Amino acid sequence: MRKIQLCLCCLLTILISNGCSSKKDTVTLEKYSMTSTSLGFDTVVMFTAYAKDEHTYKQYEQILQDEFKRYDKLFDKYHNYDGINNIKTINDHAGDKPIKVDAPIMELLKQSKEYDALSNHQFSVTMGAVLDLWHDAREAAEKNPKNATIPSKKALQQANTYTGWEHVELDEKTSTVYINNSHTQLDVGAIAKGYAVEKVAQKLEKAGLEHAIINGGGNVRLIGAKPDGSAWNVGLQIPNYDTLSSASLASISINESSSFVTSGDYQRYYTYKGQIMHHIIDPSTLMPAKHCRSVTVITKDGGIADMLSTTLYTVSHAEGEKILAKIRKEKGISVEAIWVYDDTIAPEDDTATLSSHGYQLVMSEGAEKMLKK
């Protein structure tokens, strides 16, 4: 359940203005930027920050690079690293023994378990056995498209018997994680990137950074408003299978620290018998979800936005609104969402839509208020 990458260049073109000075202080802040493909998470990381000088900016940049690399190793399920117990370490010892982990892994798994319950089990990092079947099918199809296959219903159902938090034991006192079923596997792809972006942003804020944008493969985190106090404008990507358009469906205006994460069907997919088989699997059907083309979640915390964008993508709009209402009530957080449909997938209720570039948008009430007119 890994997230799509938004059209990064397009998105940042919409977001970033020229360097400027802040109205609230006399120091002129200059704009500095970097782009890297070597910070992990198999993605492009873009960072733009406003600082008083290059030396100060470089300190921020070093923090970002070091932290991204650290979280990438901790949440990796495919590789081992000397001296690090990560998700792969936990999976490798399923049914064997508890594994002592660093605080970020414990925190991420606790949050994942909480939102598993809040989402009526539509979000689960314990679906690794199911997701591995789809991952293998997608990789095989990429190598040999003419012989593409999908996992059998029997294999998916069997793998799903290993899904569930009853198979995973978290012990905060000893800081250990134990998978008590040898077939159960963790896959934190639906939260890890957003969680990492959020933690990096928080560390930069503590270091004094007040105006910046972090874009980790489409997981966008704004730090503060623009230096002059004006709002950022974030564009919603057109969900096109063939090319990522330079246009956007709509623009959201916001002038405070916030996260934007989108889940959709138009990247990380293959074609089977003329049908798109994308990477976001509905836990209730064990098949690629087909309720809409994309969902964007807007909230303060990037990890929560990451989890919820996947969750809402796997349910109908009406059910998604119920989940949002439940989370607002029980967690006391502000969270909004935007659903995108086209002529192949329409809303499953009679909710009003906004037309844009041949697509239909459905917005939660709060998101509609953020819409740039």
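Of note:
- Student exercise, the chain dipole from Lys, Arg, Asp, Glu Cβ charges, in Debye to nearest 20: 220
- Dividing the mean sequence gap of close Cα pairs (under 8 Å, 6+ apart) by how many residues segment 116-241 holds gives a relative contact order of 20 percent.
- Full extension of the chain segment joining ASP66 with LYS300 gains 82.0 nm, where the gain is 0.36 nm per residue of separation less the Cα-Cα distance.
- Among the protein heavy atoms, those of SER38 account for about 80 Å² of accessible surface (1.4 Å probe, every chain in place).
- Ordering of 268-274, 204-210 by burial proxy (mean other Cβ atoms within 10 Å per residue, highest first): 204-210, 268-274
- Heavy-atom surface of the chain, accessible at 1.4 Å and reported per residue (Å²): 43
- Pairs beyond 23 Å (Cα-Cα), from LYS322/LYS369; LYS69/LYS203; LYS203/LYS369; LYS73/LYS97; LYS154/LYS290; LYS203/LYS326: LYS203/LYS369; LYS203/LYS326
- Potential lengthening of the chain between ALA325 and GLN59 amounts to 91.7 nm, from the contour at 0.36 nm per residue minus the alpha-carbon distance.
- With a cut-off of 13 Å between beta carbons, the residues surrounding ASP349 carry a summed charge of -3, where Lys and Arg count +1 and Asp and Glu -1.
- FRET efficiency estimate (nearest 0.05) - Cβ-Cβ, TYR78 to THR285, R0 41 angstrom: 0.95
- Computed on the chain, with alpha-carbon pairs under 8 angstrom and 6+ residues apart, the relative contact order is 18 percent.
- Given charges at Cβ of Lys, Arg, Asp, Glu: segment 230-306 dipole, positive-most of SER259, ILE304, CYS292: CYS292
- Of the listed residues THR351, THR89, the order by accessible area with a 1.4 Å probe, largest first, is THR351, THR89.
- Farthest toward the positive end of the dipole of the chain, out of GLY217, ILE280, GLY189, is the Cα of GLY217, where the dipole comes from beta carbon charges about the Cα centre.
- Length gained on full extension, TYR272 to GLU365: 29.8 nm, using 0.36 nm per residue less the C-alpha separation.
- Eligible lysines near LYS146 by straight Cα distance, threshold 16 Å, same-chain separation 8 or greater: LYS273
- Cα-centred dipole magnitude for segment 207-296, charges only on beta-carbon of K, R (+1) and D, E (-1), debye, nearest 20: 300
- Calculated FRET value between THR37 and LYS206, using beta carbons and R₀ = 25 Å, to 0.05: 0.40
- Whole-Hz ³J(HN,Hα) from phi, Karplus 6.51 cos²θ - 1.76 cosθ + 1.60, for segment 179-191, glycine and proline x: 8, 8, 10, 5, 9, 6, 9, 8, 9, 9, x, 8, 9
- Part-to-part distance (alpha-carbon centres) for segment 203-224 and segment 332-373, which is given in Å: 26
- Assuming charge only on the beta carbon of Lys and Arg (+1) and of Asp and Glu (-1), the dipole of segment 129-270 about its Cα centre is about 280 debye to the nearest 20.
- Working note: 222 nm ellipticity from helices only, DSSP H runs with n ≥ 4, each -39,500 (n - 2.57), summed and divided by the residues of the chain, gives -10500 deg cm²/dmol to the nearest 500.
- Alpha-carbon centroid distance for the pair segment 122-137 / segment 268-288, whole angstrom: 12
- For the chain, the carbon plus sulfur part of the accessible surface works out to 47%, probe radius 1.4 Å.
- Radius 14 Å from Cβ of GLN185, net charge of other residues (Lys, Arg +1; Asp, Glu -1): -4
- The loop-placed trypsin sites (Lys or Arg not before Pro) in segment 143-197, going by DSSP, that have at most 14 neighbouring Cβ atoms within 10 Å of their Cβ come out as LYS173.
- DSSP assigns beta bridges within the chain; of those with both partners inside it, close to 100 percent run antiparallel.
- Using a Förster distance of 35 Å, the FRET efficiency for ASP349-THR161 (Cβ separation, nearest 0.05): 0.60
- Scanning residues 5 or more positions from ARG293 or on other chains, those with amide H under 5 Å from its amide H are VAL340, TYR341, ASP342, with H placed 1.01 Å from N in the peptide plane.
The values are calculated or read from the model by the stated rules, or taken from the named source; none is laboratory data. Because the structure is a prediction, the values reported are computed rather than measured. So basically every Cβ, Gly included, is an ideal-geometry build from the backbone, and we count neighbours across all protein chains shown. All accessible areas refer to the heavy atoms of the entire protein, side chains included, with ligands and DNA or RNA removed. Shrake-Rupley method; radii C 1.70, N 1.55, O 1.52, S 1.80 Å.
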